[in-house]
Structure formats: C-alpha cells, structure tokens
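A short write-up of the structure that comes next.
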Amino acid sequence: MKRLLSSFWFKVTLSAVLLAVLFVRTDFHDLGQAFARTHGAWLVAALIGYLVSQIVSVARWCLLARPLGFREPFGRFVDYYFNGMFLNLFVPSTVAGDVSRALLLAGQSKRRGLALTSVIADRGIGFIALVWIGAAAILLVTTYPLPSVIYWAGLVAPLASVALWWLAPLALARFLPSEHRWRLLVERDLKPYRRDHQLLVVSLGLASVFHLIQIFSQVFVANALDLHLPWTFFLIFVPIVNIAGMLPISFSGVGVREAGYWYFLGLVGVDRELAIALGLLSSAIVIVGGLAGAPAFLRTRPQG
C-alpha cells in the first residue's frame, strides 16, 4: 500500500481524478474565456516571484548547512536545490528531491546523515513559518466568512508545530537506545540548531520571506485573471492550500490546489471557473518552476 501511494502513476491518477471531479460542473466556455483574458505580464511576474522565492529557500538551506560543516559555494547549493525541484516532478517519491540534494551535498564523504539533517531542518523550519503565517492571518483578519474549524486550527496549529519541532523529537529519543541513529540525530546532529537561537530566528525570517513571496505570486496570478481580491485573503487560504498540497498524494499538488482554490474563493463569491483557472495557472507555474531545474539536473548528474 505504501509503495502504491508513493508511486508516480498513483499521484498522476489522483490528480487527474480530482480535476475530473472539479470539471464535471465546470462551464468550459467560461473557463476558456478566463484563460483568453489572461494578462501575460502578470503571469511572468508570478513565475519570476516563484523562482526568486526558491533562491531565498536555497539561502535558508545554505545557512542551516553551514553549522554542520558544509562550506560549498552558494552556487553549488543552488544547483543541488534546483536538481531536487526537477526530480520531484518525475521520481515516484515525494522525498526524492530532498534525498537527492542531501546526497549531492554529502558528495563522496561519509556525512550523508548530516546532509540529510540540514534538509530536514530546512523543511521543518519552512513548514513552521507557513503554519504561523496562515494562523496569524486567520486570527487577525476577521473580515472573511470562514468555517469555525479553520479558526480553531489557527489557534492550535502554531503550538502544535512548535511541539513537533522542539519537544516531540526529544521525547521520542528518550525511548530509543543511546546509540540509535535517530536518537543521535536528535541529541547530537540537531544540537547546533537548538543552541543557536540567532540561527533559528534568521532561518525563520528567510522562511517567512520565502512564503510571503510565493503568496504574493498568487496575487499576481489573480491579477492576470482580472481577479482583484484583497491580498489579506491570500494570506489566509494560500498557506492552507499549500500545506494540503504537501501531502504525498498528488502530482506536484495538482488537483489538490485547484480544489482548495475552488473552495476558499467560493467563500468570497468568486465564480467556479475563475477559481479553477487560478488554481490551474498556479499549478502550471509550479511545474514550470520545477522544469527550470533541468539545467541543474544535467550539471549535477553522474557522468558515465
């Protein structure tokens, strides 16, 4: 079952099924009209914003890798990161790109565990920042009709994310033998992150910048469709949809993203066709962004 859920074809199939369900009641004439009116300049701006956000993410990963002894030039980190973005489009595993960049960072050394630690820390801090941005928007921006469960999630999620990052690993490690690799990871390899508060603050700041750029890239996509919504609403629903898109069940979040946009934009009276168009264009930008990693993939693949 686990192998099935992680397979490339399962994810593609599920994305196709989700889109098919959405399309059942969609007026394709109106959807086509929405695409026909699209302003290309705003889409280009959204794509540039998406790519810039990835460079910010590379900077965060580089910052987190330095305390573990990795001194590679920033350009190498860019290549390893974009190689992972490219692989995540095609390899049948959601962690393939992360494992790939960890292996590339480790190189021929025996520091694969430390390299993977830097990637895990990068992902974890990014997730916490995304949760906090969404929760802050949910609790502070009260002008939109949201289900009560979302407000409760805004209260609980930040505390839960901190517990998962800070307390859960320590608690679990106590039940493992002293030489167990996961206990060593928590108590030894993650020690630089637990002690260096400045590193954590700067990393969280970069993660927040990364997510805010991505959120405003979605505002640009909406502008491309002449869909002018308050940017504050994007701070609420984009983090929720992005978190759902992280689940390892679909192809780059396609289908999940469109369904999420359809639901949340429907709450503020946006037509089904416009909401789905926004989701499809957003998914296209993610895919094009991943394809932009092809040159890095070619530069970093083993020569034989």
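Throughout, read-outs are computed from the coordinates displayed, never taken from laboratory work. None of the values given here were measured: they were computed from a predicted structure. Cβ placement follows ideal geometry from the backbone for every residue including glycine, while neighbour counts extend to all protein chains displayed.
Grab the other residues whose beta carbon is less than 12 angstrom from that of Leu280, score K and R as +1, D and E as -1, and report the net.
Details: positive: Arg257; negative: Glu258, Glu273.
Here the count lands on -1.
Gain in length, Val17 to Leu298, computed as 0.36 nm per residue apart minus the alpha-carbon separation, to one decimal in nm?
On the way: separation 281, 0.36 × 281 = 101.16 nm, distance 3.25 nm.
Stretched out fully, the Val17 to Leu298 stretch lengthens by 97.9 nm.
Suppose every Lys and Arg Cβ carries +1 and every Asp and Glu Cβ carries -1, with no other charges. What dipole size does the range 27-300 come out with about its Cα centre, to the nearest 20 debye? Don't skip to the answer; put the middle values down first.
Details: 20 positive and 14 negative charges, 278 e Å.
The dipole of the range 27-300 has a size of about 1340 debye.
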With each pseudo-label sitting 7 Å past Cα toward Cβ, what's the Thr38-Ser148 distance in nm, one decimal? 4.0
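What order do you get for Trp152, Trp42, Trp61 when you list them from fewest to most C-beta neighbours inside 10 Å?
Trp152, Trp42, Trp61
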Ranking Ile287, Ala222, Ser203 by how far each Cα lies towards the positive end of the charge dipole of the range 27-300 (+1 on Lys and Arg Cβ, -1 on Asp and Glu Cβ), the top one is Ser203
What spacing in nm lies between the two simple spin-label points modelled at Leu139 and Asp271, each 7 Å away from Cα in the Cβ direction? 3.8
By the scheme Lys and Arg +1, Asp and Glu -1, what is the net charge of all other residues having a beta-carbon under 11 Å from that of Glu72? +2
Just want the ordering: Tyr81, Tyr151, from fewest to most Cβ atoms lying within 10 Å of their own Cβ. Tyr151, Tyr81
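Excluding Phe210 itself, what net charge comes from residues whose Cβ is under 15 Å from its Cβ, given Lys and Arg +1 and Asp and Glu -1? Before the final figure, lay out each step's value.
Working: positive: Arg60, Arg123; negative: Asp122.
Result for the local shell: +1.
Normalised by the empirical 2.2 N^0.38 Å for globular proteins, what value does the Cα Rg of the range 27-300 take?
Working: Rg = 19.6 Å, N = 274, 2.2 N^0.38 = 18.6 Å.
Taking the Cα Rg and dividing by 2.2 N^0.38 Å, one obtains 1.06.
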